[in-house]
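To start, the structure itself, in structure tokens.
The values are calculated or read from the model by the stated rules, or taken from the named source; none is laboratory data. Nothing here was measured: the structure is a model prediction, and the numbers come from that model. Don't worry about glycine lacking a Cβ; one is built from the backbone with ideal geometry, like all the others, and counts go over all protein chains shown. With ligands, DNA and RNA removed, areas are computed over all heavy atoms of the protein, side chains included. Shrake-Rupley method; radii C 1.70, N 1.55, O 1.52, S 1.80 Å.
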Amino acid sequence: MTILVTGGAGFIGSNFILQWLINKNQRIVNLDKLTYAGNLENLSAIEGDPRYKFVRADIGDAEMVSDILRSENVKSVINFAAESHVDRSIASPEQFIQTNLVGTFNLLEASRTFFDELDGEAKSGFRFLHVSTDEIFGTLGPNDPPFDEETPIRPNSPYSATKAGSDHLVRSYFETYKLPALITNCSNNYGPRHFPEKLIPLIIHRALKGEQLPVYGDGKQIRDWLYVDDHCEAIRNVLEHGTPGQTYNIGGNNEITNLDVVNKICALLDDLSPREDRQSYVSQVSFVTDRPGHDRRYAINATKIRHELGWSPKETFESGLRKTVLWYLANSQWTENVTSGEYRQWIDRQYASERKAWQ
Ligand code: NAD
Ligand code: DAU
């Protein structure tokens, strides 16, 4: 019996696969298109492991997915594959529609057909777990209660709208076809192998290169940060013990403003890798034009997963951020390898000199 993971060469998917093979003696097939965000170097530690197989394919290729489901006798599908960067979805939304909506639809169709062919224990044990985001809920005011599983879905960016749409499709496949599907909605992850277009790895990378550290708007937007290993453990829990048809919110209980995140990274770097001139990395902070439609605050109420499945995060933001900075300091070659080619073009467009400085 095999687990099919999609998008396993990306940030969370690769951390999930590595953690899975440490904890379970169960085979994994990783189906990934290898977009700019997919990197097989993330999985070099398990190359040659007989429990692991990589297939380069698109989740939208229903025929290929069907072949894998049948030939590998798949027990569960975990869908990480997505276009995941909000800023890219604002600059060019189309690929988000293709992968996050059309791709998820095709993956669901292939899974439904396969599920219909199963019987006995294979059928009762089959699961489809869709990994989603807290961004589907939109934005919170300063005094609003955190998002729970009943919060209305009000996405504000093309990224979050396509993730919300994919969540609706997954839900409909449970209600209509009885596909045993589960959905997780998680807050902002951070940790090793995070692509340096996202805030935390971008700030670490640019700080060490002596570049400006771009903070959007006033930097007072709030995110709830969760260390990636904690997210992966939560997903394993939901897969094994969650109830099909249910959604589970996952969060770190770490609400913090972007500016505070940047300042904490700078303080860690000042300590672990001080600048030659002994000035603080904080001097590189630069306020730039805000992201259009920028959600002001996210916060997660994770009571349901804690009460029903006994999951809670192990890392605090302090311990997780320290581990993360240490990983990037020890793996500068990884960052060098992923920040060539397409990455440079994106950064040039996104942080172009004509982009108005805030201060
Ligand atoms: P990522 O961008 O690092 O990785 C995405 C992976 O999907 C890459 O390996 C890419 O090659 C692959 N992929 C993209 N399009 C594909 C396609 N059409 N077919 C097959 N593979 C494809 O993303 P991530 O940060 O690891 O996020 C993984 C999932 O978790 C996403 O669904 C995202 O919405 C969700 N999520 C992310 C966060 C976060 O903070 N990063 C938080 C909550 C939920
Ligand atoms: O909440 C979960 C989501 O978290 C996931 O679904 C997304 O896939 C993931 O990318 C992340 O989305 P965010 O938009 O919150 O993450 P990002 O790292 O892009 O930005 C975090 C915050 O930092 C956000 O308020 C925007 C701000 N920011 C980001 C960048 C890249 C800056 O101020 N400067 C920057 O250069």
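Counting charges near L169 (Lys, Arg +1; Asp, Glu -1) among other residues having Cβ under 13 Å from its Cβ returns a value of 0. With contacts taken as Cα pairs under 8 Å and at least 6 residues apart, the stretch 147-238 reaches a relative contact order of 26 percent. Between the helical axis of 158-177 and the longest alpha-carbon principal axis of the chain there is an angle of about 20 degrees.
All other residues whose Cβ lies under 11 angstrom from that of Y227 are scored, Lys and Arg at +1 and Asp and Glu at -1, for a net of -2. Estimated from helices alone, the mean residue ellipticity of the chain at 222 nm is -12500 deg cm²/dmol (sum of -39500 (n - 2.57) over DSSP H runs with n ≥ 4, per residue). Partners of K178 within straight-line reach, counting aspartates and glutamates whose Cα lies under 12 Å from its Cα and excluding those fewer than 8 residues away in the same chain: D116. How would the stretch 160-261 be classified by its alpha-carbon gyration tensor: rounded, prolate or oblate, with rounded meaning a/c under 1.5 and the a/b versus b/c comparison settling the rest? Prolate, since a/c reaches 1.5 and a/b exceeds b/c.
Straight Cα distances below 22 angstrom link K198 to the lysines K33, K163, K209, K220, K264, K323, K356, with same-chain residues fewer than 8 positions distant left out.
Averaged over its residues, the chain has an accessible area of 42 Å² per residue, based on protein heavy atoms and a 1.4 Å probe.
Can you pull the percent of the stretch 192-296's accessible area that's carbon plus sulfur, 1.4 Å probe, other chains left in place? Roughly 44 percent of what the probe reaches on the stretch 192-296 is carbon or sulfur. Note on the stretch 1-129: with neighbouring protein chains present and a 1.4 Å probe, carbon and sulfur make up 49 percent of its accessible heavy-atom surface.
The Kirkwood radius of the chain, taken over pairs of alpha-carbon atoms, gives through the Stokes-Einstein law at 25 °C and 0.890 mPa s a diffusion coefficient of 117 µm² s⁻¹.
For the chain, the longest principal axis of the C-alpha atoms and the axis of helix 258-272 are separated by about 70°. Find, among the GluC sites (Glu not before Pro) in the stretch 68-139, those assigned to loop by DSSP (not H, G, I, E, B) with at most 15 other beta-carbon atoms within 10 angstrom. Sites meeting the loop and neighbour criteria: none at all.
For the stretch 1-112, the equivalent ellipsoid built from the Cα gyration tensor has semi-axes of 23, 18, 10 Å, listed from largest to smallest.
Within the straight-line cut-off of under 19 Å between alpha carbons, the aspartates and glutamates reachable from K53 are D32, E41, D61, E63, D67, E72, sequence neighbours fewer than 8 places apart in one chain being disregarded.
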